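What follows is a short report on a single structure.
The values are calculated or read from the model by the stated rules, or taken from the named source; none is laboratory data. The model shown is predicted, which means the values in this text are computed figures rather than measured ones. Every residue, glycine among them, receives a Cβ derived from its backbone with ideal geometry; neighbour counts consider all protein chains shown. Protein only, heavy atoms only, side chains kept; ligands, DNA and RNA dropped before computing areas. Shrake-Rupley method; radii C 1.70, N 1.55, O 1.52, S 1.80 Å.
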Amino acid sequence: MAAVEMTEPAARTDAGLDYDVIIIGAGISGLYQLLKLRELGLHVKVFETGTGVGGTWYWNRYPGARFDSESWSYGYSFSKELLQEWDWTEHFSPQPETLRYLNYVADKFDLRRDIQFRSRVVAAHFKETTRSWEITLEDGSRHNARFLITAIGPLSTPTMPRIEGVETFKGEAFHTARWPHEPVSFEGKRVAVIGTGATGVQTIQEVAKTVGHLTIFQRTPNWCAPLHNSEIDKETMEGIKKRYDEIFARCKETHACFVHTIDPRRTFDVTPEEREAFFEHLYASPGFGIWQGNFKDILTDRKANAAISDFVARKIRERVKDPAVADKLIPKNHGFGTRRVPLETKYYEVYNQPNVKLVDIKETPIERITPKGIKTSDAEYEFDMIIYATGFDAITGSFHRIDLRGTGGQTLKEAWTGGPKTFVGVQVEGFPNMFMVVGPHTALGNIPRSIEYNVEWVTDLIRHMTERKLTRADPRSEAVEAWTENVRAVGEGSLVNEVDSWMTGVNRNVEGKQVRTLARYSGSAPAYRAWCDAVAAGGYKEIDLS
Ligand code: NAP
């Protein structure tokens with residue numbers, strides 16, 4: 001392994017505390033946060049539930065899992081050496097390669113020595129007298145630190161469907177986010193997939209390649225568009241390495257940190273022919289261009305949204321041979337891009353295979369899972385395997401499975417009744433010294449870009465505090481109000497916020513998540529960073545520091 005790039009001052013810890021900082025999670029956020037805090041000379045410990053690093057890419061080993069972001073725009077940008085050393089082999093990297101990358105990062109920067117694996121944090125309580133956090137692990141052991149950083153990811157608590165009999169099935173059953181570490185064969189098997197979000201789509205198109213018979217249980221179809229993945233040869237990779245500064249500069253300018261940027265024209269500014277040609281171009285181009293690089297009004301103007309929806313519907317009809325099946329695959333209750341667009345590779349063609357069946361469970365609801373398979377209102381299906389691609393208790397779920405308590409013993413669940421309230425998505429009033437990396441109300445998008453910004457902002461705040469011997473940071477009420485109001489205001493007029501999905505805080509399998517909440521910041525990443533930069537430049541007046 002190459003040598004560590006930066007020299008670290010010797011670690012120190014405030015008297016009486018185990019660590020300066022405890023980080024929960026060793027995914028992309030936790031790894032980088034550890035590295036940055038070591039640079040401050042702080043004594044940092046990471047607790048991670050899994051047996052290895054990687055977070056999302058450690059857990060989501062389902063068949064076909066891969067980026068929908070361009071690989072070379074997704075990796076860490078902080079180390080030129082790392083950028084020059086690592087070769088991506090595909091424009092949209094598959095999960096095993098991404099996991100190898102994150103392991104490489106952990107080794108290169110010698111991160112493992114401060115990570116304790118197999119360590120689920122079950123409770124975290126703020127202690128006012130010592131201005132510290134005490135965390136409890138599943139094994140009952142307790143550890144304390146001045147600061148607590150949650151690096152637990154917005155999509156990391158899987159949810160099983162609330163269907164009667166789930167536990168009675170006698171065959172193989174897997175949730176995609178808890179996929180076994182050993183290879184799973186589908187050959188000759190009768191397999192069911194429940195769920196057709198980004199995960200379900202990737203799973204279905206991969207399983208269909210080798211399965212005996214595949215049955216897809218679809219509740220809500222999503223608008224999918226082609227990924228157009230391809231391999232990266234040596235020469236192309238060399239070219240990418242030379243352009244990294246340019247690539248990351250572009251990600252900094254765009255709305256959601258992707259390389260794709262919104263087209264400044266409105267849908268009906270151009271002639272029908274120009275519009276059709278532009279949509280065709282986007283549909284034929286790799287990645288999220290059709291969602292993130294489309295006309296600027298497709299997610300705010302209903303007519304514009306209908307135009308792109310009609311275009312994609314036509315594509316689905318062209319690709320699926322049976323018109324009745326095509327019709328079932330075309331969303332009727334939301335427009336294109338108002339939910340996360342799954343990118344696909346021959347997904348629609350799967351439905352032309354003779355060994356694939358689509359069951360629309362809005363027409364024939366699932367009544368129960370049986371020991372042999374799935375019973376709907378009109379049939380009983382037998383399966384060897386059921387795959388649950390049923391998503392996550394998103395954004396707030398990973399917080400709520402920890403007994404998180406701030407001042408006066410109030411729980412985070414109580415503080416977030418009716419939806420999260422945060423200061424720039426990083427802090428919660430009444431939870432001093434707790435910082436969230438990509439928590440609710442932060443910019444998400446091409447997520448490592450948002451993570452790097454969040455981590456660096458939190459690091460600067462901790463540096464500011466340690467240099468001044470400040471030991472308590474609690475955001476002021478008016479600052480929390482102002483940010484939460486801003487999150488609401490920037491989301492106004494967005495068609496995304498009128499549709500049920502994890503992005504609007506809805507998960508029908510989770511108690512208390514039946515109605516939409518203000519779960520996510522939907523403004524631009526540059527605007528988010530400008531707000532946070534101003535807070536730092538102003539000396540963190542929005543935070544009560546003492
Ligand atoms: P999801 O988008 O929430 O999809 C869950 C699916 O399960 C939906 O089709 C949902 O139907 C269905 N479902 C849930 N409960 C059900 C029930 N009781 N009965 C029947 N169907 C049920 O979750 P996801 O697909 O795991 O994706 C979550 C997010 O992870 C994505 O939006 C994306 O941000 C991220 N992701 C990224 C990548 C990538 O970068 N390539 C890949 C995968 C995931 P309804 O729609 O009707 O609720």
*Quick one: in region 167-195, which of the residues that are surrounded by 15 or more Cβ atoms within 10 Å (Cβ to Cβ) and closer than 18 Å to residue 510 by Cα is nearest to the ligand (Cβ to nearest atom)?*
195
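Within region 164-187, how many residues are part of a loop (DSSP other than H, G, I, E, B), of a type outside the set (Phe, Trp, Tyr) and over 25 Å from the mean Cα position of the chain (by Cα)? Steps first, please.
Residues of region 164-187 part of a loop (DSSP other than H, G, I, E, B): 164-165, 169-171, 179-186.
After this cut, where a residue has to be of a type outside the set (Phe, Trp, Tyr) as well, the list is 164-165, 170-171, 180-185.
Narrowing the set further to residues that are over 25 Å from the mean Cα position of the chain (by Cα) leaves 164-165, 170-171, 185.
Summing the residues that are part of a loop (DSSP other than H, G, I, E, B), of a type outside the set (Phe, Trp, Tyr) and over 25 Å from the mean Cα position of the chain (by Cα) in region 164-187 gives 5.
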_When residues of region 205-239 are limited to those that are within 14 Å of the ligand (Cβ to nearest atom), open to solvent by less than 10 Å² (accessible area, probe 1.4 Å) and within 15 Å of residue 325 (Cβ to Cβ), the one farthest from the chain's Cα centre (by Cα)_ = 215
_If I filter region 333-357 down to residues being more than 11 Å from the ligand (Cβ to nearest atom) and charged (D, E, K, R), which single residue comes out as most open to solvent (accessible area, probe 1.4 Å)?_
346
*Can you tell me which residue among 311, 268 is open to solvent by 10 Å² or more (accessible area, probe 1.4 Å), outside any loop (DSSP other than H, G, I, E, B) and among the aromatic types (Phe, Trp, Tyr)?*
268
*asked:* touching a helix residue (DSSP H, G or I) at 6+ places or on another chain (Cβ under 9 Å), within 16 Å of the ligand (Cβ to nearest atom), closer than 21 Å to residue 22 by Cβ and touching a residue at least 12 places away in the same chain (Cβ under 8 Å): which single residue out of 440, 448, 432 fits that description?
replied: 440
*Look through region 532-546, keep the residues that are out of contact with any helix residue (DSSP H, G or I) (no Cβ under 7 Å at 6 or more places or on another chain) and open to solvent by 20 Å² or more (accessible area, probe 1.4 Å), and return whichever of them is farthest from residue 221 (Cα to Cα).*
546
*State whether the residues of region 204-212 include one that is in a strand (DSSP E or B), closer than 20 Å to residue 63 by Cβ, touching a residue at least 24 places away in the same chain (Cβ under 8 Å) and among the hydroxyl-bearing types (Ser, Thr, Tyr).*
no
_So residue 248 ticks every box in (1) more than 16 Å from the ligand (Cβ to nearest atom); (2) open to solvent by less than 60 Å² (accessible area, probe 1.4 Å); (3) more than 25 Å from residue 340 (Cα to Cα); (4) in contact (Cβ under 8 Å) with a residue 12 or more places away in the chain but one. Which box is left unticked?_
(3)
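Step by step: first the residues of region 297-308, then only those that are within 26 Å of the chain's Cα centre (by Cα) and assigned to a helix (DSSP H, G or I), then the one that is surrounded by the fewest Cβ atoms within 10 Å (Cβ to Cβ). Which residue is that? It would help to see each step written out before you state the result.
Step one: filter region 297-308 for residues within 26 Å of the chain's Cα centre (by Cα), giving 297-300, 305, 308.
This time we only want the ones that are assigned to a helix (DSSP H, G or I), so: 305, 308.
Values: 305: 22, 308: 26.
Taking the candidates together, the pick is 305.
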*Can you name the number of the only condition in (1) away from the ligand (no atom under 16 Å from the Cβ); (2) surrounded by 14 or more Cβ atoms within 10 Å (Cβ to Cβ); (3) of a type outside the set (S, T, N, Q) that residue 258 fails?*
(1)
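Just give me the residues in region 379-416 being charged (D, E, K, R) and either within 16 Å of the ligand (Cβ to nearest atom) or farther than 30 Å from residue 191 by Cβ (or both), in sequence order.
Scanning region 379-416 gives 393, 403, 405, 413, 414.
When you check residue 360 against the structure, is it open to solvent by 10 Å² or more (accessible area, probe 1.4 Å), within 16 Å of the ligand (Cβ to nearest atom) and at pLDDT 95 or above, yes or no? Break it down stepwise before answering.
Values: open to solvent by 10 Å² or more (accessible area, probe 1.4 Å): yes; within 16 Å of the ligand (Cβ to nearest atom): yes; at pLDDT 95 or above: yes.
Yes, satisfied.
Which count do you get for residues in region 506-530 that are free of Cβ contacts under 8 Å to residues at least 60 places away in the same chain, open to solvent by 20 Å² or more (accessible area, probe 1.4 Å) and either within 15 Å of the ligand (Cβ to nearest atom) or over 28 Å from residue 260 (Cα atoms) (or both)? Can you show your working first?
To start, the set of residues in region 506-530 that are free of Cβ contacts under 8 Å to residues at least 60 places away in the same chain comprises 506, 511-512, 514-516, 522, 527, 530.
Going one step further and asking which of them are open to solvent by 20 Å² or more (accessible area, probe 1.4 Å), we end up with 511-512, 514-516, 522, 527, 530.
Filter again for either within 15 Å of the ligand (Cβ to nearest atom) or over 28 Å from residue 260 (Cα atoms) (or both), leaving 511-512, 514-516, 522.
Final tally of qualifying residues: 6.
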*Go through region 39-85 and count every residue that is closer than 30 Å to residue 200 by Cβ and either open to solvent by 40 Å² or more (accessible area, probe 1.4 Å) or touching a residue at least 40 places away in the same chain (Cβ under 8 Å) (or both).*
28
_Neighbours by Cβ (under 8 Å, 6+ apart or cross-chain): first from region 334-354, part of a helix (DSSP H, G or I); second near the ligand (Cβ under 10 Å from one of its atoms)_ = 347/201
*Are there any pairs, at least 6 apart or on different chains, whose C-beta atoms fall under 6 Å, with the first in region 374-392 and part of a loop (DSSP other than H, G, I, E, B) and the second among the basic types (Lys, Arg) and open to solvent by 20 Å² or more (accessible area, probe 1.4 Å), and if so, which?*
383/190; 384/189; 384/190
*Test residue 367 against the criterion of being closer than 30 Å to residue 210 by Cβ, away from the ligand (no atom under 16 Å from the Cβ) and either part of a strand (DSSP E or B) or out of contact with any Ser or Thr (no Cβ under 7 Å at 6 or more places or on another chain) (or both), and give yes or no.*
no
